[in-house]
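The values are calculated or read from the model by the stated rules, or taken from the named source; none is laboratory data. Here the structure is a predicted model, which is why all the values come from computation and not from measurement. Here the Cβ positions follow ideal geometry from the backbone for every residue, glycine too, while neighbour counts run over all protein chains shown.
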Amino acid sequence: MKPKTVAILESRLGQQLADLVGKRGGRPILAPALAEVPDVDDAAIARLIGELQLHPPKVAIFQTGVGTQALFKATDALGLTQTLLGLLAGCVVAARGPKPTAALRARSVRIDRSAKDPFTTAEVLESLQDISFRRERVVVQRYGETNVELEKALREGGAEIVEIPTYRWALPADTAPMLRLLEALDRREIDATVFTNAAQVHNLFALAERHGRNSSLAADLNRTLIASIGPVSTAALREHGVKIALEASPPKLGPLVAALDRALSA
C-alpha cells in the first residue's frame with residue numbers, strides 16, 4: 001500500500017493496527033474515535049443480584065473481557081461475588097470469545113457455550129440455538145452499547161433480557177487527533193479510512209456536527225477508500241451515506257489489513 005495514507009480510528013488496538021499498516025508500506029494516521037468509560041452502578045448491581053436470586057436466569061452471556069472483569073470487580077466490592085458465582089453455576093454460561101473466556105476462567109466459572117471464530121453475534125446465537133428461551137430470563141453483559149441484534153433474536157425466542165451495563169462508549173477526552181483527521185479529509189490528504197467499530201462512525205459524525213463540518217464529512221470520506229471490519233460498522237457507515245469499498249472477512253484486523261493492502265495496491 002506504499003505510499004498511501006491510511007486513517008485509523010481504532011482506540012484500544014490502534015497502535016497494533018497502525019503497525020500492521022506501516023509494515024506493509026502505508027503511512028498510518030491515528031485518530032482514536034472511541035473511549036471506554038466505566039458505567040457500573042454498584043447499587044444497581046446489588047439490586048440485580050438480589051432479583052436474580054429470586055428469579056434465576058437460564059442463560060448468562062458474556063460479550064467482552066473488560067466488561068466481565070468490571071462486573072466481578074463490582075461484586076468483589078459489594079461482597080457479592082460468591083452469590084454471583086452461585087447464580088452462574090446454576091445456568092448456562094456463554095462466552096463470545098477468548099477475552100470473556102479468559103476473564104471467566106480467572107474466576108473459575110464453568111463455560112458451557114463458546115462462540116466460534118470470528119466470535120460475532122451470529123456465532124453466539126448459533127452456540128445457543130438448541131436452547132428454548134420462552135419465558136426464560138437471559139442475562140446479557142453489555143459492551144459499549146446494547147447489542148440490538150442479539151437482544152432482538154433472544155426476545156423473538158421469548159426471552160426476558162436482563163442487561164448488565166459495565167462500560168459505555170464515548171468520545172475520547174482528547175479529540176484533537178479526530179479534528180486533525182477532519183481537516184486532512186477536507187484537504188484530500190487521506191487515501192483510505194479504516195473503521196473497526198460502529199461507534200467510531202457515530203462519534204466522528206457527532207464531532208463533525210459540533211464543529212460545523214457534518215454536511216461535508218460523508219463526501220470527504222467517500223473520496224477515500226473506506227474499509228470496514230464487519231457488517232455492524234458497515235451498516236453505521238451506510239446510515240451516514242458513506243460508501244464501503246471493502247469489508248473484512250472474517251471480521252478481524254489481519255484480514256482487514258490484508259484486504260486493504262490488496263485494494264490500495266491494485
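At a glance:
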| item | result |
| --- | --- |
| Tally of residues being assigned to a loop (DSSP other than H, G, I, E, B) and either closer than 19 Å to D42 by Cβ or over 27 Å from the mean Cα position of the chain (by Cα) (or both) across the range 54-91 | 5 |
| Residue pairs meeting the criteria (Cβ under 7 Å; at least 6 apart or on separate chains; first closer than 24 Å to D117 by Cβ, in the range 71-99; second outside any strand (DSSP E or B) and of a type in the set (D, E)) | V92/D112; V93/D112; A94/D112 |
| Condition met for L264 (at pLDDT 95 or above and of a type outside the set (S, T, Y)) | no |
| Residue count for the range 99-124, restricted to those that are at pLDDT below 95 and either closer than 15 Å to Q141 by Cβ or part of a loop (DSSP other than H, G, I, E, B) (or both) | 7 |
| Qualifying residue in the range 124-139 (condition: farther than 22 Å from Q200 by Cβ, touching a Pro at 6+ places or on another chain (Cβ under 7 Å) and not hydrophobic (A, V, I, L, M, F, W, C)) | yes |
| Only listed residue being out of contact with any Asp or Glu (no Cβ under 6 Å at 6 or more places or on another chain) and either polar (S, T, N, Q) or surrounded by 20 or more Cβ atoms within 10 Å (Cβ to Cβ) (or both), chosen from T121, T64 | T64 |
| Top-ranked residue in the range 29-50 [being in contact with a strand residue (DSSP E or B) (Cβ under 8 Å, 6 or more places away or on another chain) and in a helix (DSSP H, G or I); ranked as nearest to V138 (Cα to Cα)] | L48 |
| Any chance Q129 is buried (at least 17 other Cβ atoms within 10 Å of the Cβ), assigned by TED's automatic domain parsing to the domain that holds F72 and modelled with pLDDT of 90 or more | no |
| Residues of the range 210-236 classified as under 21 Å from the mean Cα position of the chain (by Cα), surrounded by fewer than 19 Cβ atoms within 10 Å (Cβ to Cβ) and of a type in the set (G, A, S), total | 1 |
| Selected residue [buried (at least 18 other Cβ atoms within 10 Å of the Cβ) and among the charged types (D, E, K, R)] from E247, E239 | E247 |
| Residue within the range 155-168 that is touching a residue at least 40 places away in the same chain (Cβ under 8 Å), surrounded by fewer than 21 Cβ atoms within 10 Å (Cβ to Cβ) and either among the polar types (S, T, N, Q) or under 21 Å from I8 (Cβ atoms) (or both) present | no |
